[in-house]
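Enquirer: So that we are looking at the same thing, I have put the structure below in structure tokens.
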Ligand code: MG
Ligand code: MG
């Protein structure tokens, strides 16, 4: 079942989501060479729980051992934070964060550059971020879930990048993962119709090579099958009559709408 949320419920999700947006701002100066992913994990959890009633939603979810997911280079998602994993100049690191607050979830991810990175890594991150923006812009009432993935496909066309098909976005609300699934490869007009009140985590994941993935023996870490670099950008987005409302932005004060670029 696809739930429809009131504007007030979206405000609550946006409140949780603004914590993630501000966490990412705080992390941008901390994701540096020599820092371990374990340190980032501890900083993230402390930042989240500093807000009354907020918890790191991924901690223990399905048995996940970290507070946030930290995936380096060829790791796509679900990387386990570790004091042994030290970031190096030139790495790219995807940090995926869920916050639960007042019984509601919010979910967002961003790929960070560690120091100076290759032109290839910069381009991959740029295309992935642009794919997220384009797919958010298509998240309006009357379109379909397939239009979101179709926008990702259009954004990536003309590059040699792979779109990770096996991992998808999802509804967000009282649970972290709700219906519908939001594939990153879609066809316009296909899938459930987008309606005012739907809240979706839109999250394109691209690779610099193959779209195929595999899971490491730790049972969590998903990597590209050819070990090419991967990037991941995600926002939780509310479908409103005024257009897409990003619910995981740093400057998203409770009650205020944050329109996506180009949607007014
Ligand atoms: Mg996420
Ligand atoms: Mg998600």
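Each value in this text was obtained by applying a stated rule to the coordinates, not by laboratory testing. The shown structure was predicted, so the numbers you read here are calculated from the model rather than taken from an experiment. Glycine gets a Cβ as well: all are built from the backbone with ideal geometry, and neighbour counts include every protein chain shown.
Enquirer: Given R₀ = 35 Å, what would the calculated FRET efficiency be for residue 165 paired with residue 22, taking r from the Cβ atoms and rounding to 0.05?
Expert: Result of the calculation: an efficiency of 0.65.
Enquirer: Next question, about the same structure. With the contact rule set at Cα under 8 Å and sequence spacing of 6 or more, what percent relative contact order holds for the chain?
Expert: 24 percent
Enquirer: Between the range 73-127 and the range 175-233, what is the C-alpha centre distance in whole Å?
Expert: Each part's Cα centre sits 15 Å from the other's.
Enquirer: For residue 157 and residue 51, what is the calculated FRET efficiency with R₀ set at 41 Å and r taken between the beta-carbons, to the nearest 0.05?
Expert: About 0.55, to the nearest 0.05.
Enquirer: Same structure, new question: Simple spin-label model, 7 Å along Cα-to-Cβ: residue 42 to residue 225 in nm?
Expert: 3.9 nm
Enquirer: Taking 0.36 nm per residue of separation and subtracting the Cα-Cα distance, what length does fully extending residue 118 through residue 250 add?
Expert: Details: separation 132, 0.36 × 132 = 47.52 nm, distance 2.76 nm.
Length gained between residue 118 and residue 250: 44.8 nm.
Enquirer: State whether the range 20-177 is rounded, prolate or oblate according to the following rule on the C-alpha gyration tensor (a ≥ b ≥ c being the square roots of its eigenvalues): a/c under 1.5 gives rounded; otherwise a/b larger than b/c gives prolate, and the remaining case gives oblate.
Expert: Here the range 20-177 falls in the oblate category.
Enquirer: To one decimal place, what orientation-averaged projected area in nm² is obtained for the convex hull of the Cα set of the chain?
Expert: Details: hull surface 50.5 nm².
Projected over every direction and averaged, the Cα hull of the chain covers 12.6 nm².
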